[in-house]
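Inspection log for the structure reproduced underneath, given as structure tokens.
We did not get these values from a lab; they are worked out from the coordinates using the rules stated. Note that the coordinates shown come from a computational prediction; the quantities given were computed from them, not determined experimentally. No Cβ is skipped: glycine too gets one built from the backbone with ideal geometry, and neighbour counts run over all protein chains shown.
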Amino acid sequence: MKFFPISSKKAMFFTIFIYCMIITPLKGAKTSVSSSSSSSSSSDQQPELITYFKSTTLLKNPTIIDLRNQSRTSKINLFTSSDCSIWTKECSNEILKIAQKTEHVKWIKSVRRKIHEHPELAFQEFETSKLVRQELEKMEISYRFPLATTGIRAIIGSGQPPFVALRADMDALPIQEAVEWEHKSKIAGKMHACGHDAHVAMLIGAARILKAREKNLKGTVILIFQPAEEAGNGAKKMIKDGALENVEAIFAAHVSHQHPTGVIGSRTGPLLAGCGFFKAVISGKTGQASNPHHSIDPVLAASAAVISLQSIVSRESNPLDSQVVSVTSFNAGDNLDVIPETVILSGTFRAFSTTNFYQLLKRIREVFTEQASVFRCSATVDFFEDKDTIYPPTVNDDTMYEHVKTVTSDLVGTTNFKVVPPMMGAEDFSFYSEVIPAAFFYIGIRNETLGSIHTGHSPHFMIDEDVLPIGAATHAAIAERYLYEYGS
């Protein structure tokens, strides 16, 4: 190889020339990219953000949450969505697979545990409501708040008919938790002893699934997070505040220790009884027990009334139509030598139809007043109607029940759907079922190995958390398939 001699001056100019040739194209490229980016910004006032969720149509006058400039680091790409323009079992399977993904299960359990650790009583669910709203905002789901003090009405879908609703109750009970575990209630004397923490978590889980599958929704899903199911008729107040606006059907679940984890149970027609309470005051004339003829004895009148009340069910009601009248308190004082001036009695009554329920109310009032008069006493009866303690029966619409049965059988298998008998318990979901077609169903949490065997309202109540993804999938499938079958 031959080398040609070159001066040091020429070598310096040659080096500068090569450097300029290399660096200039890079600067040009950077300028081009910068110019393109600037042009894009000027034509689009805000940069497009990459997200796994689309925005949705807002309701009239909702709280508007603008998340366009917020971080997306909390969002996990869990979802793939196939075309379900024609519903097949694969659509159900896909919903269940999404719910059972490890990331989703871990997240939904964490939501439930946060709520369980901080139980709040009726109309005091401020932190629970805040948590729900934060999760909705992360998913860019619009909502209206507040309804009935702490309630939320969220929306997913096209914003167009049909509208179908899913409901979860949020309140806890004034019970001291006796279950020792890592996420035990941190609030003394308060506990989620009826599973409402699980109900909220399952509905938030369903929201995440539905939002990811929003392009499949042939209408609009309304999510109702309701306060005060246990006391105060929160459903009644939610309806008054517009929770059912445009809604044509509604569904809800309740965890049940009577069924193994993941088993669904329901029935057509009356599922839960109407429930009412009474307090009767029978007044007479006080006097010494040694001279009863100088008094008017309200104890005798009250005793006769208690016995007569039993004949309402045993002799006036159809034996095939279950009803209950129970006196649970009898207070005549504690003076052993004096006939009291008044006796106070209280109790409850239940029936599976609205007609029978109000017939019981009428007859209870008549028995107290008429029996009191037989013994020369007077009586007043209070049914606490002004305090919203009357719950109508929860009656499942035939068509909506069949929808739940079809969807859940497809989702968890026909052997995991059970037709259940009616129960004398009560639920304020009944107020929704009085207004629009509705279906209420149970989802099992019984797991003897874990100790999930105790009835609701027990300080030992606990749930098998494996139910959470199943419940989320069930809610999502019920709503999406309803829109598929009843939408345009």
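What FRET efficiency comes out for Thr455 versus Val419 if R0 is 25 angstrom and r is the Cβ-Cβ distance? Round to the nearest 0.05.
Result of the calculation: an efficiency of 0.75.
Under a straight-distance cross-link criterion of Cα-Cα below 17 Å, which aspartates and glutamates are reachable from Lys101, leaving out those fewer than 8 residues away in the same chain?
Glu90, Glu465, Asp466
In nm, what is the difference between 0.36 nm times the number of residues separating Glu434 and Glu385 and their Cα-Cα distance?
15.9 nm
Want the number for Glu366 to Ser409: 0.36 nm per residue separation, take away the alpha-carbon distance, what's left?
The span from Glu366 to Ser409 would gain 10.7 nm if fully extended.
So if we plug the beta-carbon distance of Ser290 and Tyr358 into 1/(1 + (r/R0)^6) with R0 = 45 Å, what FRET efficiency do we get, rounded to 0.05?
0.50
Taking the Cα-to-Cβ direction at Lys240 and at Ser329 and moving 7 Å from each Cα, how far apart do the two end points lie in nm?
Each label point lies 7 Å from its Cα, and together they span 2.4 nm.
Semi-axes of the range 369-488's equivalent ellipsoid from the Cα gyration tensor, sqrt of 5 times each eigenvalue, largest first, rounded to whole Å?
Its equivalent ellipsoid spans semi-axes of 38, 23, 12 Å.
Tell me the label-point distance for the pair His183, Gln310, using the 7 Å Cα-to-Cβ offset, in nm and rounded to one decimal.
4.7
What distance in nm lies between label points placed 7 Å from Cα along the C-beta direction at Thr102 and Ser378?
7.5
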